[in-house]
Structure formats: C-alpha cells, structure tokens
Amino acid sequence: MIPRYSRPEMTAIWSPETRFRTWFEIEAYAAEAMAGIGAIPKAAAKAIWDKGSKAKFDVARIGEIEKTTKHDVIAFLTHLAEFIGPEARYVHLGLTSSDVLDTCLAVQLRRAADILIDDVDALLAALKRRAFEHKLTPTIGRSHGVHAEPTTFGLKLAYAHAEFQRARARLVAAREEISTAAISGAVGAFANVDPRVEAHVANKLGLRPEPISTQVIPRDRHAAYFAVLAVVASSVERLATEIRHLQRTEVMEAEEFFAEGQKGSSAMPHKRNPVLAENLTGLARIVRSAAIPALEDVALWHERDISHSSVERMIGPDATITLDFALARLAGVVDKLVVYPENMLRNLDRLGGLIHSQRVLLALTQKGISRDDAYAIVQRNAMRAWRGEGEFLALLKADKDVAKALSAQELEALFDLGYHLKHVDVIFGRVFGE
C-alpha cells in the first residue's frame, strides 16, 4: 500500500524485517522442540537462538541470494547460516518452506486482526458517544431516498453501532480461525518432523496446530478471513454513504468537520465537500477486491501448488492496511461530525406533514373504514399536498370522508412528532445494553 493510506503499526506487520524475524522464530522454536525430544543437540538449539536473536537480517543481502536461488526461504536460510555457523545444519530439519511461510502468515494475519479489532472498538466508542448525544434529535427517515417517517439521528448512529458490533464479532471469529500453525513437512504427513514440534511452535506463537494440513494450511481459512474484511469494509461504506448524502447541499443535516485553512476546491472557494467519506467509499472497494482472489485460492492442486502465493503477498498487506486506515478515518469522521438539528427539523416539515400519512391511515381503519378505502382517502389528499395545493392537515380537515370519521382535534393529535420517538429507549437498550 502507498503511505497515504497506511498507518505505521499495521504496516510494520508486513515489513520484510518483521517477516524474516518471524521466520527465524519459527525455525528457532522448531529447533528448540527438536532438542526437547532428543532429535538434535540442546547446545545446537541454544546456539541457534542466541546467535539468531542477535542477528540483524539484511534484507538486501537476502534479495541478492534469492537472485541465484530463485527461492525466498532458501535465500533466508542461507543468510541465517552466515550468523549461526555450523549449527545451521540443524535449522529447518524436516521442514518444508510452506511450514515457515504459512505459519508466518497466520501470525501476521492474527496480529492484523488484533489491530482491526482495536480500530472497531475506537469506532464503536465514537458512535456510542454521538448516538447518545443525539438520541432524541428528530430527523427524517428515508426509503428509496424519499421522505418516509420520523426517526432520530441517534438511532441512525445506533444502527451503525449495532452493525460494527457484528463486525467486531466477525473479526474475532476470523482471528480465531486463521490462528493455526503447520510444521508437518512435505505433503503434511510428518514423515521427517515429529508432530510434537508443531505443537511446541504453535504454542509459542499463540497459535493452534492445524488438525490436518497437506503441504499448506487449508485456504478456506484465509478465504473466510478476507471475506470478513470485505464485509467490514462494506459496513464502512454504508455509513460513509449516509454521511455523504446528509452533507448534500439540499439536505445539509450533517457534514464532515471542516478545519481552519482547509480548502474544498482549487476553483471554487465556497466548497465544503465530503472528501473523507468519499475516500472511505473508494477504500472499501479495495478491501472488497481481496475477497474473490482469496476464495479462488481455496482450490489448490493436490497437496499444494503456489498459485495462492502471489495473491496473498499482495492482498495480505493491502487489505489489512487499507481497512485499518479506513476504520481509523471513519472513527475520526464520526467523532468530529458536525450535526445540524435545525436543518433536520426543517426537512421534517418539508412535505407539509405528509410524513404522518400512515397514522391517519391507521386511525381511519380503527373508525371502521376498510384499509383500501382509507388508503385511497389519505392518498388523494397526500398527492394534493405533494403537488403544493395545501398543507396535508388542512386538506384532511376539509375532506368530507375524513371529517365523518375523525374530528379536527383527533387529526391534529395524529401529527405529533413525539409519537415516533416513544420506543427510542427500548432500541437503545437493545443496542447498548443500557
């Protein structure tokens, strides 16, 4: 990923230095386990740890070796031997490259999930704070982009909070599923490496032994992981799209914070654009683009091939780094979002009371009028109000069919905004547990 959309903690997980250090730890823990079961001398395992832990791996040097070997793990092992010396013959004993690569990838994806879960927690905190701030701030709910019935801005944020609670749970599950190690040797049959070595390495790295691997960890685990990232990214986009809509000039119910000195357009000095939310929409597309190749990686040939390798070298860093950045950016947008309750009230009144049409419909049915007839009565008055021929309440009062069933006082009571907010506490209790 480019630095513009990267944060240092997540980026560090995918650096060559981190990767080679993790490769060393896998090899060293394997040697430690082998020494523990008497497969290699304990002094050799100690030398591997002592010398390797002090080594500063030279990324450029490993790259130079790889130009000859055409194999990255062999290039690393060759470089590692330069530090360790004669005891290097006990490194990688009975292992295959995928043991190192797949176990390392599991460590990286697990650490990435930890950061993403923290990101979601920060976003949830911002959503909760703002939701309670606007718990009873009335606003119009829209279906198909058209005014429907009243809701509150707090409920809009509570919807998002509930969605990101689910996102968190999915990330926790994805973290658990991806956290397996394979130290099982060629084709996964443990012919040249004892299963106890795998168990020791897995335990030291905070992983579980893969119950059965071929020469690789099964890629359905990775597909599930990246699918979760894609779903979380879509949740980011859903909230970003809502903010973009609310910032439209014709709506202007909320907008991104506009900092002192910020400029919205090189040509038009008046512009204040939802650039962060638009950026989030684009970043979500990048994260989602990782899901399909991850799914296609599941069907490898026989015990393994490397068609998945090039894919994962790209989507691993790109998807996690991008989603990390997007979640942090969204938390900032929510935290500083500028809200305009007065514009929300103005928009609620924009259709002259039409937002109360369902209450009138239901009231007429309770007076003995059939639903079809009641619908026709309400709709004909609503359409007149829609065309600007009068206020909805006044038109209803003047309608003889309505007047036969409902008094003017009863009609006025049906236009109470507070009626639509009476269960906000119940919904908040469900979402926030308070």
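Here are the numbers:
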{"item": "Residue within region 158-177 that is out of contact with any Cys (no Cβ under 9 Å at 6 or more places or on another chain), at pLDDT 95 or above and under 19 Å from Glu303 (Cα atoms) present", "result": "no"}
{"item": "Matching entry among Glu255, Glu242, Glu237 (being of a type in the set (D, E, K, R), touching a residue at least 40 places away in the same chain (Cβ under 8 Å) and touching a helix residue (DSSP H, G or I) at 6+ places or on another chain (Cβ under 6 Å))", "result": "Glu237"}
{"item": "Selected residue (only one of Val378, Val424, Val402 is under 24 Å from Tyr159 (Cβ atoms) and surrounded by 12 or more Cβ atoms within 10 Å (Cβ to Cβ))", "result": "Val424"}
{"item": "Qualifying residue in region 164-174 (condition: of a type in the set (A, V, I, L, M), in contact with a Leu (Cβ under 7 Å, 6 or more places away or on another chain) and either open to solvent by less than 60 Å² (accessible area, probe 1.4 Å) or farther than 30 Å from Val216 by Cβ (or both))", "result": "yes"}
{"item": "All helices (runs of 4 or more DSSP H) inside region 218-296 with 2 or more residues being modelled with pLDDT of 95 or more and among the charged types (D, E, K, R)", "result": "220-246, 275-288"}
{"item": "Residue match in region 225-243 (condition: touching an Asp or Glu at 6+ places or on another chain (Cβ under 9 Å) and farther than 25 Å from Glu278 by Cα)", "result": "yes"}
{"item": "Residue within region 178-186 that is crowded, with 16+ Cβ neighbours inside 10 Å and part of a helix (DSSP H, G or I) present", "result": "yes"}
{"item": "Sole exception among (1) within 13 Å of the chain's Cα centre (by Cα); (2) charged (D, E, K, R); (3) crowded, with 20+ Cβ neighbours inside 10 Å for Asp297, by number", "result": "(1)"}
{"item": "Residue match in region 352-365 (condition: over 45 Å from the mean Cα position of the chain (by Cα), farther than 30 Å from Leu171 by Cβ and open to solvent by 10 Å² or more (accessible area, probe 1.4 Å))", "result": "yes"}
{"item": "Residue within region 316-331 that is in contact with a His (Cβ under 8 Å, 6 or more places away or on another chain), surrounded by 21 or more Cβ atoms within 10 Å (Cβ to Cβ) and either closer than 30 Å to Ser98 by Cβ or touching a residue at least 12 places away in the same chain (Cβ under 8 Å) (or both) present", "result": "no"}
{"item": "Tabulated pairs, region 1-23, first closer than 24 Å to Asn279 by Cα, second aromatic (Phe, Trp, Tyr) and open to solvent by less than 30 Å² (accessible area, probe 1.4 Å), C-beta under 6 angstrom, 6+ apart or interchain", "result": "Tyr5/Phe325; Arg7/Phe325"}
{"item": "Selection status of Gly388, of a type in the set (Gly, Ala, Ser), open to solvent by less than 50 Å² (accessible area, probe 1.4 Å) and under 47 Å from the mean Cα position of the chain (by Cα)", "result": "no"}
{"item": "Given (1) modelled with pLDDT of 95 or more; (2) in a loop (DSSP other than H, G, I, E, B); (3) more than 15 Å from Ala181 (Cβ to Cβ), index of the condition Ser213 fails", "result": "(3)"}
{"item": "Residues of region 334-345 classified as in a helix (DSSP H, G or I) and in contact with a Phe, Trp or Tyr (Cβ under 8 Å, 6 or more places away or on another chain), total", "result": "3"}
{"item": "Helices (runs of 4 or more DSSP H) fully within region 1-111 counting 2 or more residues that are among the basic types (Lys, Arg)", "result": "16-36, 42-54, 59-69"}
{"item": "Qualifying residue in region 358-365 (condition: under 30 Å from Glu253 (Cα atoms) and not aliphatic (A, V, I, L, M))", "result": "yes"}
{"item": "Number of positions in region 66-82 that are more than 16 Å from Val100 (Cβ to Cβ) and not charged (D, E, K, R)", "result": "1"}
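A quick yes/no check of all residues on (1) within 30 Å of Thr11 (Cβ to Cβ); (2) of a type outside the set (Ser, Thr, Tyr); (3) not in a helix (DSSP H, G or I):
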residue	(1), (2), (3)
Glu312	yes, yes, no
Ala319	yes, yes, no
Arg329	yes, yes, no
Asn347	no, yes, no
Asp373	no, yes, no
Gln379	no, yes, no
Glu389	no, yes, yes
Ala394	no, yes, no
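The values are calculated or read from the model by the stated rules, or taken from the named source; none is laboratory data. Because the structure is a prediction, the values reported are computed rather than measured. Cβ: placed from backbone, ideal geometry, glycine included. Neighbour counts: every protein chain shown. Just so you know, the surface numbers come from the protein's heavy atoms only, side chains and all, with ligands and any DNA or RNA stripped out. Shrake-Rupley method; radii C 1.70, N 1.55, O 1.52, S 1.80 Å.
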